[in-house]
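These notes concern the structure reproduced below.
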Ligand SMILES: [Fe+2]
Ligand SMILES: [Fe+2]
């Protein structure tokens, strides 16, 4: 799903690709050991992505920034708690694929889409936005 911003869409694709890797780990027991490194990559990718969206919120005076940031922070806390508390790759895989895909789908379809719409209206103050990609 595109939110209409090239940089954000690229990061979303990276996140979805890492989620797909986690799903593959679930399907192939021989790949379960990859789950923790995949989660580390996911956390790093999400960190970078959340920072980019929050930079856009600051630069465009986004009025719904607090709600959006809270949703980022909640998922970040959830995944870090998972990483610290799960006892096996199988448990990590199960928990991650139960929680994350649904959250990503909802978050992108609502909060991210609203942010991109807002930032697009502030063309010129949101570097990276291209006219042809606007919603
Ligand atoms: Fe977001
Ligand atoms: Fe996002």
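The values are calculated or read from the model by the stated rules, or taken from the named source; none is laboratory data. Remember, predicted model here, so these are calculated numbers, not experimental data. FYI the Cβ positions are ideal-geometry reconstructions off the backbone, even for glycines, and counts take in every protein chain you see.
Would you be able to say whether some residue in region 5-17 is farther than 18 Å from residue 101 by Cβ and free of Cβ contacts under 8 Å to residues at least 12 places away in the same chain? Yes: one or more hits.
Scan region 97-109 for residues that are away from ligand 1 (no atom under 16 Å from the Cβ) and touching a residue at least 40 places away in the same chain (Cβ under 8 Å) and the total you get is 1. Examine region 27-50 for a residue that is closer than 18 Å to residue 4 by Cα and either part of a helix (DSSP H, G or I) or touching a strand residue (DSSP E or B) at 6+ places or on another chain (Cβ under 9 Å) (or both), and state whether such a residue exists. Yes: one or more hits.
If you go through region 62-75 and keep only what is loosely packed, with under 12 Cβ neighbours inside 10 Å and assigned to a loop (DSSP other than H, G, I, E, B), you end up with just 63. Can you find even one residue in region 5-21 that is more than 16 Å from ligand 2 (Cβ to nearest atom), assigned to a helix (DSSP H, G or I), at negative phi and in contact with a helix residue (DSSP H, G or I) (Cβ under 7 Å, 6 or more places away or on another chain)? Taking every residue of region 5-21 in turn, at least one turns out to be more than 16 Å from ligand 2 (Cβ to nearest atom), assigned to a helix (DSSP H, G or I), at negative phi and in contact with a helix residue (DSSP H, G or I) (Cβ under 7 Å, 6 or more places away or on another chain).
Evaluating residue 117 against the criteria (1) crowded, with 18+ Cβ neighbours inside 10 Å; (2) within 15 Å of ligand 1 (Cβ to nearest atom); (3) modelled with pLDDT under 95 leaves one unmet condition, (1).
Scanning region 33-54 for residues that are more than 13 Å from the chain's Cα centre (by Cα) and under 19 Å from residue 14 (Cα atoms) yields 34, 35, 36, 37, 38, 40.
Pairs linking a residue in region 84-96 that is in a loop (DSSP other than H, G, I, E, B) to a residue that is modelled with pLDDT of 95 or more, with Cβ atoms under 7 Å and 6 or more positions apart or on different chains, are 86/92; 86/95.
Considering region 22-61 alone, what residues qualify as being within 11 Å of ligand 1 (Cβ to nearest atom) and crowded, with 18+ Cβ neighbours inside 10 Å?
Residues of region 22-61 that are within 11 Å of ligand 1 (Cβ to nearest atom), as a first pass: 46, 49-54, 56-57.
Hits for region 22-61 are 46, 49, 50, 53, 56, 57.
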